[in-house]
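These notes concern the structure reproduced below.
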Amino acid sequence: MKTCLTALISSLMIFSPMAYADKWSDQFPHIKATGDIPGDCSYEKMSKKNYKGKTLKINTHAIPVMGEPTALHAEQFEKLTGAKVEVTHTPAGDLYSKAMVPFQAGQAPYDVVFGFSNFINDWKRYLAPVPKKYMNSPEMKDVTKSHMGVSSWDGTMYQYPVDGDRHYLKYRKDVIDNPEMQKKYKADTGNELRVPRTWKEYAQMAKYFNDWDWDGDGEKEYGSAEVMKKDDLMFAAFFSRSVAYAKNPRTPGGFFFDLETMKPNINNPGFVEALTDWVEATKYVPPGGTNFGLGDEIGSFGGGQTLFSFSWDDAFIAAMQDDSPIKNKVGAAPLPGADRVWNRVTNSWENQYNQAPYIVWGWAVGVAKKSKVKDMAFDYLCFFSNGANHQADLAIGRFGVNPFKNSDFDPNIYINSMGWDPEIANSYTQTLLDMEKSNNRVFPLRVPGVFEFTSAVATGTSKALAGQLSPQEALDEVAKEWEAIVSRVGKKAVQDAYAVGVKMEDNKL
Amino acid sequence: MNFKHKYFFLFPGLFVLIGILIFPIIFVVRLSLSGWNSYNPGLDYIGFENYIRLFTDDPRFWESFFRLSFLSVTTVILQYVIGFALAHMVWKDIKFKRFFRVLFLVPMMTTPVIMTVIWRTFFHESLGPVNDLLSVFGVAPKWLTDPVIAKFTVIIVEVWQWTPFMFLLLLAGLLSLPKEPFLAAAIDGASPVRKFIYVTFPLMAPISIGAIIIRLIEASKIMDTVYVLTSGGPGTSTETSSFYIFIKGLREFQMGYAASMSFTYLIIMIISLTIIAKVLTKVLLKE
């Protein structure tokens, strides 16, 4: 049934443009590739709403990532419904506090608040649950199971799905698949040049392709672009490197903590191995690479400066845009794995291959419980992610909107609308789809005071990257801080919240 | 005649003082005695728990404080020396004096955050123009990724941004100096160097003390430069007290604990700046 529904929606999305393109795409060129796509919140449906005299206040991220589509869809929503929409742009680091301060003071200066999906535990008591009529819409039924889970808390959806995120590997296909390069690499190193299966292989290749002009453009290229700047989402990059060594499918019951005892796992040998690799990575990033934030990473890989990158979709989409110098020269693959994985129950290494996808947190948005225009707010969000807008947004890397619907995994969308090479479109959608199907996934930490935990990881790992502490010392410091946070917040509160995430990881939710 | 009604005229000022100074300080003190955070919002009472944590279990705060002391003292000394030199230069009759006076003020007129973004682009180690130029000489300093050099990068940006402020104060001071001592020195045949050491510098001492103290107060709040340039990194090598308090308060939402740090920091700054002012007065105004 679900497959049929997905196929139906996919067909509608692919073939419907013919019927609707003329009517709405003239007024709204953003959707010129598809025209309006029928649905509960399509252009057609929204044009029948009348919100004249009402004002919707939105706090979103700075332009362009998520801020630009928010503003664009606000403008479209105004034209269609007669509403007035006021959009405030806020830097990523301040999104949490900008909403949290008025929330805690019992105010609702914004009807719609954008943030990250891992804010959910702290924000949920201030957000209105998504009403049933949206939950039952065909668009919502199209959202993947994992992203329904990410947007919900114990079965109640508080965050309206507008984006789907996961970390995966991006590589230069024109190098890795190049027979001449493969020959040269083999001759020089004795190893095969291929999409790296492990982080050790990743490091070997990145080191080899570091600091020389391997694409003949007259400029030096480097091994890898990674988010290493302290407090700029670096902790997520560290978790991506850790999952291979520390997420063992044979030891359910918690990746970040042991759920029973709430003892942090963060300083076990699996995580230490990952941090040791990461410290080594400082040798094969571009000059200044240890100060790269997400924007730098996107610019670096998307601009053709490095062989590899891993993190959110944006760098890949940027590389595949029409104005990119490396369009159709990149590939997507799962995060590298490891030849051994730590077993925290037996306290020993298991010498077998392990790979685990990281369904990382991404953009999320909710409607304030105290908002006086909740209906309009949910209509706006539904319109934001309607079929036409969503497909158009997916094609623009800087928008930060990534696949989160089952229909997004149809390679034809990327081939027909965005001009992707079929082989690349297939590898991209297959990579994302495989993550959805995996039974060994890690989801973001979503416990009370999540920022305290992630901030401690950022501080500890950045000390290791800067050489201030050894990987073991740094993670011991993080573990000590985590224990102190658990004690401050209350073991039971953290444990109860963490149990929900563990259920998702252990495929029980 | 009854002049009691004169006190009514004090009320507007008093209200403002209470509203923007007294109330926030009292609120911060009360907040510091609470455990207000993201999961437990509210002014509960936890006694001196936050202060005990700060003094016994948070070396990072003290490290950031000593780092801040180094950064602020170094930047203010450099700003004073350069600002004095520039003010002295345009105090004299030189060509295009007015042009230079305006030119030297330009950095101060720019928005600090925007200028820091531009500096970050300049110092970008793979895309920035600074290392591009330096590569001609075969060097490529790690401006933002070496723990030691990053401190000096912060200092460079702070000095560039705020030297004009020092320049402005010192130029105003120079322009207000009496002419007689300089005439007397000229009649005695004093060289320019001796004139500076024995006349200009001593006469400028009171203004210098004021300028240094004002800049020290401002420099001790270094935040935007660090936030944009390095986010306190690499590691914690450029993390200052205000940036650390910002992280704890507005990133991690540990409001109660951040308030205790803010209040402690305020007390330390009041004491240390009072001592510095006394020492400067004693040293520079000894005669």
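Taking springs between alpha-carbon atoms closer than 10 angstrom, which of B:211, B:184, B:219 fluctuates most in the Gaussian network model of chain B?
In this elastic network of chain B, the residue with the biggest mean-square fluctuation among B:211, B:184, B:219 is B:184.
For the protein assembly as shown, give me the percentage of DSSP beta bridges that are antiparallel, rounded to the nearest 5 percent. Mind showing how you got there, number by number?
Values: 26 of 40 bridges.
Around 65 percent antiparallel, to the nearest 5.
Sequence neighbours fewer than 8 away in the same chain don't count; with that in mind, list the aspartates and glutamates whose C-alpha is under 17 Å from residue A:503.
List returned: A:154, A:258, A:260, A:436.
Go through region B:43-91 and name the chymotrypsin sites (Phe, Trp or Tyr not before Pro) that are in a DSSP coil and have 12 or fewer other Cβ atoms within 10 Å of their Cβ.
Passing sites in region B:43-91 are B:45, B:48.
Using a cut-off of 13 Å between beta-carbons, work out the net charge of the residues near residue A:177 (Lys and Arg +1, Asp and Glu -1, residue A:177 not included). Working shown, then result.
Numbers: positive: A:172, A:173, A:183, A:194, A:329; negative: A:174, A:180, A:192, A:421, A:423.
That sum, taken over residues with Cβ under 13 Å, equals 0.
What's the center-to-center distance, using Cα atoms, between region B:239-256 and region A:404-461 in Å?
About 31 Å separates the Cα centre of region B:239-256 from the one of region A:404-461.
Using every pair of alpha-carbon atoms in region B:169-287, split the distances into 10 Å bins beginning at 0 and state the percent of pairs per bin, rounded to integers.
The calculated distribution, bin by bin, is 12, 28, 24, 18, 12, 6, 1.
Among A:24, B:143, which comes first, second and so on when ranked by fewest other beta-carbon atoms within 10 Å?
Lowest count first: A:24, B:143.
Can you spot the aspartates and glutamates whose alpha carbon is less than 14 Å from residue A:132's alpha carbon? Ignore those fewer than 8 places along the same chain.
Leaving aside aspartates and glutamates fewer than 8 places away in the same chain, those within reach of residue A:132 are A:40, A:375, A:379.
Set the bar at 26 Å for Cα to Cα. Now go through A:200/A:491; A:79/A:141; A:54/A:98; A:79/A:374 and name every pair that lies beyond it.
A:200/A:491; A:79/A:141
Under 14 Å between alpha carbons: how many lysine pairs meet that in chain B, if sequence neighbours fewer than 8 apart on the same chain are excluded?
The number of close lysine pairs in chain B is 5.
Which ordering of A:476, B:93 is given by a fewest-first count of other beta-carbon atoms within 10 Å?
B:93, A:476
Explain nothing, just the number: relative contact order of chain A, from Cα pairs under 8 Å at least 6 residues apart, as a whole percent.
It comes to 22 percent, rounded to a whole number.
So what is the diffusion coefficient of region A:376-509 in µm² per second by Stokes-Einstein at 20 °C and 1.002 mPa s, using a Kirkwood Rh over Cα pairs?
Estimated via Stokes-Einstein, D reaches 116 µm²/s.
Which residue, B:255, B:108, B:223, has the most motion in a Gaussian network model of chain B that connects Cα atoms within less than 10 Å?
In this elastic network of chain B, the residue with the biggest mean-square fluctuation among B:255, B:108, B:223 is B:108.
Arranged from highest to lowest average of other beta-carbon atoms within 10 Å per residue, in what order do the peptides A:354-364, A:328-338 appear?
A:354-364, A:328-338
Sequence-distant or interchain residues sharing an amide H contact under 5 Å with residue A:169, placed H: which?
Those lying under 5 Å, H to H, from residue A:169 are A:333, A:335.
Starting from the amide H of residue A:143, placed 1.01 Å from N in the peptide plane, find each other amide H under 5 Å away whose residue is 5 or more places distant or on another chain.
Sorted by chain and number, the residues that satisfy this are A:406.
Determine the equivalent ellipsoid of region A:317-373 by diagonalising the alpha-carbon gyration tensor, then write out the semi-axes as square roots of 5 times the eigenvalues, largest first, rounded to whole Å.
Over the Cα atoms of region A:317-373, the ellipsoid semi-axes are 36, 29, 5 Å.
Please order B:56, A:156 by the number of other Cβ within 10 Å, starting at the fewest. Don't skip to the answer; put the middle values down first.
Details: B:56 8, A:156 12.
By the 10 Å Cβ count, ascending, the order reads B:56, A:156.
Give the average, rounded to an integer, of partner chain Cβ atoms located within 10 angstrom of each Cβ in A:100-109.
Shielding by partners across A:100-109 averages 2.
With 43 Å as the cut-off, how large is the P(r) tail for the protein assembly as shown, expressed as percent of Cα-Cα pairs?
Working: 114382 of 316410 pairs.
It works out to 36 percent of all Cα pairs.
For region A:65-87 and region A:182-214, what is the separation of their Cα centres, given in Å?
Using only Cα atoms to place each centre, the spacing works out to 47 Å.
Based on alpha-carbon positions alone, could you give the equivalent ellipsoid semi-axes of region A:227-293 from the gyration tensor, as √(5λ), descending, whole Å?
Semi-axes, largest first: 26, 12, 9 Å.
Working from the pairwise distances between different alpha carbons, so that the mean of 1/r is found and then inverted, what is region B:30-284's Kirkwood radius in Å? Each step should come with its number before you reach the end.
Working: mean 1/r = 0.0482 Å⁻¹.
Roughly 20.8 Å, rounded to one decimal.
Out of B:11, B:246, B:182, any idea which swings most in a Gaussian network model of chain B, alpha carbons joined below 10 Å?
Comparing B:11, B:246, B:182 in a Gaussian network model of chain B, the most mobile one is B:11.
So what's the net charge close to residue A:221: Lys and Arg +1, Asp and Glu -1, counting the other residues with Cβ under 11 Å from its Cβ?
Within the 11 Å Cβ shell, the charges total -3.
Where a ≥ b ≥ c are the square roots of the eigenvalues of the C-alpha gyration tensor, would you call region A:31-85 rounded, which needs a/c under 1.5, or, failing that, prolate if a/b is larger than b/c, or oblate?
Oblate.
Given an 8 Å cut-off on Cα distances and at least 6 residues of separation, report the relative contact order of region A:176-329 as a percent.
It rounds to 25 percent for region A:176-329.
FYI, it's all coordinate maths here, none of it is from the lab. Since we're looking at a predicted model, the values are computed, not measured. Because the Cβ atoms are built from the backbone with ideal geometry, glycine has one as well, and the counts that use them run over all protein chains shown.
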